[in-house]
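So the structure is just underneath, and the comments pick up after that.
Every number here is computed from the coordinates shown, using simple stated rules; none is lab data. Given the structure is predicted, the values throughout are model-derived calculations rather than measurements. Because the Cβ atoms are built from the backbone with ideal geometry, glycine has one as well, and the counts that use them run over all protein chains shown.
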Amino acid sequence: MSEEIRVLLVDDQELVRSGLRRILRRKDGFDVVAECADGDEVPAAVTAHSPDVVVMDLRMKRVSGMEATRRLMGTESDHHRVPPVLVLTTFRDEELLSEALRAGAAGFVLKESSAEELIRAVRLIAAGESVLDPAITASVLDTYRSTGSPSKSDAAALGRLTARERTVLELIGRGLTNDEIATELVISVVTVKSHVGAIFRALGVRDRAAAVVFAFDHGVVAPRG
């Protein structure tokens with residue numbers, strides 16, 4: 001990833017894209033490299049501009065953000081990595097958002113979130129973290145679990161984790177970032193990243209969002225409330 005975070009904005013409303021563009025460009029370290037007005041434009045834009053993060057609306061007129069995310073993730077291979085997708089939505093529809101996770105989104109934030117929350121979300125996604133808005137995360141995870149996880153992992157995968165990796169998975173499930181996990185365990189961020197990579201390989205998941213769901217689904221983290 002380059003020094004500046006390269007962002008692709010995808011929303012069918014120009015006014016929304018303009019607002020997002022202004023928010024990101026007011027902050028150092030962001031470069032809005034391209035914009036799309038519909039999901040069908042995303043694959044070509046990703047190829048042409050190599051963004052680090054795609055910020056994508058869920059509902060658009062021709063090709064939805066859901067379908068665009070699914071198509072984008074379908075192009076990934078060992079030789080072609082696709083950027084993570086941050087879903088930006090006005091909807092608190094748990095089934096819709098759980099489907100977005102299944103499609104491959106790395107996280108989501110509500111459009112009513114503050115500018116600082118959006119900035120933080122983009123930075124976290126670019127750094128390989130997941131962003132699951134606490135206002136709706138619990139119910140989304142419930143829906144996700146009830147309709148099935150996209151991961152091919154099973155409970156036996158937990159046996160492939162070391163004790164320390166399982167602890168890190170628990171902290172991921174509680175929503176901690178790599179920096180926060182490093183502080184909690186008194187280890188370096190580099191060591192945390194090494195553990196996270198090992199966890200992904202053992203569980204057969206591609207990102208933190210899927211790891212969070214696995215952690216809840218297999219009792220590593222108990223649902224709150």
TODO: Sort Met66, Met56 so that the residue with the fewest other Cβ atoms within 10 Å of its own Cβ comes first and the one with the most comes last.
DONE: Met66, Met56
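So how do Lys27, Lys61 line up by other beta-carbon neighbours within 10 Å, fewest first?
Fewest to most other Cβ atoms nearby, the residues stand as Lys61, Lys27.
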- [ ] Sort 162-170, 101-109 for me by packing, meaning the mean count of neighbouring Cβ atoms within 10 Å per residue, highest on top.
- [x] 101-109, 162-170
Task: Which of Ile187, Val205, Ala215, positive extreme of dipole for region 163-215 (C-beta unit charges) - done: Val205
- [ ] Would you mind ranking Val189, Val54 so that the residue whose beta carbon has the fewest other beta carbons within 10 Å leads the list?
- [x] Val189, Val54
- [ ] Report the antiparallel proportion of the DSSP beta bridges in region 5-145 as a percent, rounded to a multiple of 5.
- [x] 5
TODO: First check a/c for region 5-145, with a ≥ b ≥ c the square roots of the eigenvalues of its C-alpha gyration tensor; if it is under 1.5, answer rounded, and if not, answer prolate when a/b is larger than b/c or oblate otherwise.
DONE: rounded
TODO: Return the loop-located GluC sites (Glu not before Pro) in region 43-113 (DSSP other than H, G, I, E, B) with at most 15 other Cβ atoms within 10 Å of their own Cβ; answer none if there are none.
DONE: Glu76, Glu112
Task: Partner aspartates and glutamates for Lys193 [C-alpha distance under 18 Å; skip if fewer than 8 residues away on the same chain] - done: Glu129, Glu165, Glu170, Asp179, Glu180, Glu184, Asp207
